[in-house]
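One structure is given here, and the rest of the page talks about it.
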Amino acid sequence: MKKITSLLPFFLLASFISNSQPCTIPDSFFADDTIIVCQGSSYQLKAPLVPGSTYTWSTAEGGTSIDITYNGKYWLQISNGVCTKNDTVTILFNSFLLSPGVNDLKLCKGSTTRPLFAQGQNILWYADAIGGTGSPAAPVPSAADTGRVIHWVSQTIRGCESPRVPLFVKVIDKPMLNWGCFYYSLAVHWVSYYR
């Protein structure tokens, strides 16, 4: 009887290992914890396809996808008889995105210039208020002649591009007393030194 009792745990463990199947449901169903929808009023949230599984969404729907029409936190439970896993995602419809911070610039005719600067993330520069292709390279204004030029700039945050804002560059004649250009030159060199 002692030999049978000592072999019983071994047989139970071997039986459990042979009858168990690995879980085929992924640990995470969504690429990010937060998904920002840039444009439109609906978004289709899709889950991975796991054959033979049941899908239960927080919206009480079944299936591998649901249509989202408002901001919120959504969860999904996938079960296949072997295991059950859950994942949660936040959906945000981005109807309001701040434009980058800009400061208009006044230059003296003939002065040395540097690339323009805008405060923000993933800055794009444009020649017009609408249309065209943006460039990540900041333009270098010309101070060869007097006049005014408008550069348009936007920022992109989590895949959503903000409205464009104008940055005005005005080139003026050097004043008789050159304090304005002196202070501008000093400021440009100070900013380029500390960037």
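The values are calculated or read from the model by the stated rules, or taken from the named source; none is laboratory data. The model shown is predicted, which means the values in this text are computed figures rather than measured ones. Ideal geometry is used to build each Cβ from the backbone, glycine not excepted, and the neighbour counts take in all protein chains shown. With ligands, DNA and RNA removed, areas are computed over all heavy atoms of the protein, side chains included. Shrake-Rupley method; radii C 1.70, N 1.55, O 1.52, S 1.80 Å.
Numbers below:
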item	result
Cβ-based net charge around residue 155, under 10 Å, with every Lys or Arg adding one and every Asp or Glu removing one	0
Inter-probe distance in nm under a simple model that places probes 7 Å from Cα toward Cβ, at residue 32 and residue 86	2.4
Vicinal HN-Hα couplings computed from phi for segment 38-49 (Karplus, 6.51 cos²θ - 1.76 cosθ + 1.60; Hz; Gly/Pro x)	6, 9, x, 10, 8, 8, 9, 8, 10, 10, x, 7
Share of pairwise Cα separations in segment 83-175, more than 21 Å, in percent	43
All aspartates and glutamates inside 13 Å of residue 109 as judged from Cα atoms, apart from same-chain residues fewer than 8 positions distant	145, 173
Ranked by how many other beta carbons lie within 10 Å on average, peptides 84-90, 31-37 from highest	84-90, 31-37
Residues of segment 44-119: accessible area per residue with a 1.4 Å probe, Å²	58
Estimated FRET transfer efficiency (residue 49, residue 121; beta-carbon r; R0 45 Å; 0.05)	0.85
Residue-by-residue Karplus 3J(HN,Hα) for segment 135-147, coefficients 6.51, -1.76, 1.60, Hz, glycine and proline x	10, x, 7, 5, x, 9, x, 9, 10, 5, 9, 6, x
Gain on full stretching of the segment that runs from residue 67 to residue 97 - 0.36 nm per residue minus C-alpha separation	8.5 nm
